[in-house]
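S.K.: Take a look at this one; I'll ask things after.
The values are calculated or read from the model by the stated rules, or taken from the named source; none is laboratory data. Values in this document were obtained by computation on a predicted structure and should not be read as measured data. Because the Cβ atoms are built from the backbone with ideal geometry, glycine has one as well, and the counts that use them run over all protein chains shown. To get the accessible areas, we keep the full protein, side chains included, count just its heavy atoms, and leave off ligands, DNA and RNA. Shrake-Rupley method; radii C 1.70, N 1.55, O 1.52, S 1.80 Å.
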Amino acid sequence: MTSTTAAPAPVAKPAGGAAGSPGRALHRKWTEHGLVFIAPFLLVYAAFLIWPLISGLGMSLTSENITGSGGEFVGLDNYAEAVRDPDVWSSLWNTVWFTVLSTVPLVVVGLALALLAHQLRVVQWLWRLSWFAPFLLPSGVVCLLFLNMILPSGFGLADQLLATVGLTPEIGWLTDERYAMLSIVATTVWWTVGFNFLLYLAALQAIPAHLYEAAELDGAGAGKRLLHITLPMLRRTTGLVVVLQVLASLKIFDQVYIMTGGGPDESTRPILQYVYQQGFTGYRIGYASAVSYIFFALILTVSLVQPLLSRRRAEEAAK
């Protein structure tokens with residue numbers, strides 16, 4: 001007796017082999033990883049950030065002029081000139097000096113306001129709104145507000161308050177090199193401290209309450225709880241606030257441009273204003289691009305500090 005075995009039926013292939021086509025496989029891969037959804041953002045990011053970054057770098061190697069003339073390749077001549085330019089170093093020093101003067105009060109005052117708001121039990125929302133509200137104002141409004149407070153000399157609100165306590169009025173808040181930078185710092189602190197305040201307040205609310213309860217049972221006073229619980233728990237937030245504040249202060253432009261124009265005697269001119277003057281007043285786009293990329297290297301170096309510090313702390317904690 002013989003038996004016959006049925007041959008397996010052939011597997012039907014999709015018409016045109018579409019299932020195994022490279023295009024469909026690539027589409028499936030993009031869809032699985034969500035790349036289709038972020039593709040519009042990547043296109044905008046490339047068009048308005050990556051391409052200008054590359055284009056500006058190429059422009060810094062030429063003698064490009066805002067009028068359209070020039071454009072010859074000069075290599076690193078613009079960078080060499082920028083390194084020898086005393087105005088670049090003075091403007092960079094003004095920027096760093098402003099950063100030093102503004103970062104410390106912005107961190108300390110922001111922390112103090114957050115500690116105070118965290119302890120308040122009455123109309124907390126009003127305190128939070130009043131301290132954060134200035135941060136929502138445009139820079140032009142803030143600068144004009146302070147200009148009306150300190151100008152004209154001898155008749156402004158600041159001079160009038162000094163006169164009521166017997167101090168000498170008619171101080172050149174924006175015309176005297178001793179006070180011009182301090183006036184800009186005071187304006188900036190009042191304007192932007194609300195952002196740091198919110199970061200600290202959020203971090204304070206994330207600290208477990210049982211830590212304070214246990215410390216209070218052990219007899220720790222308010223000062224010891226602040227030094228041994230609050231501040232150590234805020235260490236990461238403080239590091240983040242410092243780095244963000246340094247980066248923001250290094251990019252100062254609006255306050256100086258509106259309030260002093262870089263004066264008196266260029267004593268408050270930041271590096272970004274010098275770039276603006278070289279590019280749009282002196283028409284030297286190539287040279288301005290070179291100066292801006294030198295400044296970009298400085299900002300990039302500072303921005304790498306926070307990840308390195310966080311990684312080092314994590315390694316030390318792991319040990």
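S.K.: So which residues in the stretch 108-135 are more than 25 Å from V242 (Cβ to Cβ) and of a type in the set (A, V, I, L, M)?
M.R.: Result: L120, V122, V123, L126, L129.
S.K.: Can you pull out every residue in the stretch 177-197 that is of a type outside the set (A, V, I, L, M) and surrounded by 15 or more Cβ atoms within 10 Å (Cβ to Cβ)?
M.R.: Listed by number, the residues that qualify are Y179, S183, T187, T188, W190, W191, T192, G194, F195, N196, F197.
S.K.: Just one of R236, R269, R225 is assigned by the TED database to the domain that holds W190, more than 30 Å from Y179 (Cβ to Cβ) and touching a residue at least 24 places away in the same chain (Cβ under 8 Å); which is it?
M.R.: Unique residue meeting the criteria: R236.
S.K.: Pull up the stretch 35-85, narrow it to residues that are part of a loop (DSSP other than H, G, I, E, B) and within 21 Å of F280 (Cβ to Cβ), then point me to the one that is modelled with the highest pLDDT.
M.R.: D85
S.K.: Condition (residue is surrounded by 13 or more Cβ atoms within 10 Å (Cβ to Cβ) and touching a Leu at 6+ places or on another chain (Cβ under 7 Å)) applied to the stretch 152-168: is it met by at least one residue?
M.R.: No, every residue in the stretch 152-168 fails to be surrounded by 13 or more Cβ atoms within 10 Å (Cβ to Cβ) and touching a Leu at 6+ places or on another chain (Cβ under 7 Å).
S.K.: How many residues are surrounded by 12 or more Cβ atoms within 10 Å (Cβ to Cβ), of a type outside the set (A, V, I, L, M, F, W, C) and within 19 Å of V256 (Cα to Cα) if we restrict to the stretch 122-139?
M.R.: So the answer is 2.
S.K.: Moving to a separate point now. What pairs come up if the first residue lies in the stretch 279-307 and is under 16 Å from G58 (Cα atoms), the second is open to solvent by 80 Å² or more (accessible area, probe 1.4 Å), and their beta carbons are under 7 Å apart, counting only those six or more places apart or on different chains?
M.R.: Y293/L57
S.K.: Would you call K251 free of Cβ contacts under 8 Å to residues at least 40 places away in the same chain and open to solvent by 70 Å² or more (accessible area, probe 1.4 Å)?
M.R.: no
S.K.: Right, here's the next one. If you scan the stretch 142-155, which residues turn out to be farther than 12 Å from W190 by Cβ and either of a type in the set (S, T, N, Q) or modelled with pLDDT of 85 or more (or both)?
M.R.: L144, L147, N148, S153
S.K.: For the stretch 82-121, which positions are open to solvent by 60 Å² or more (accessible area, probe 1.4 Å) and not β-branched (V, I, T)?
M.R.: Those that are open to solvent by 60 Å² or more (accessible area, probe 1.4 Å) and not β-branched (V, I, T): R84, P86, D87, W89, W93, W97, L116, Q119, R121.
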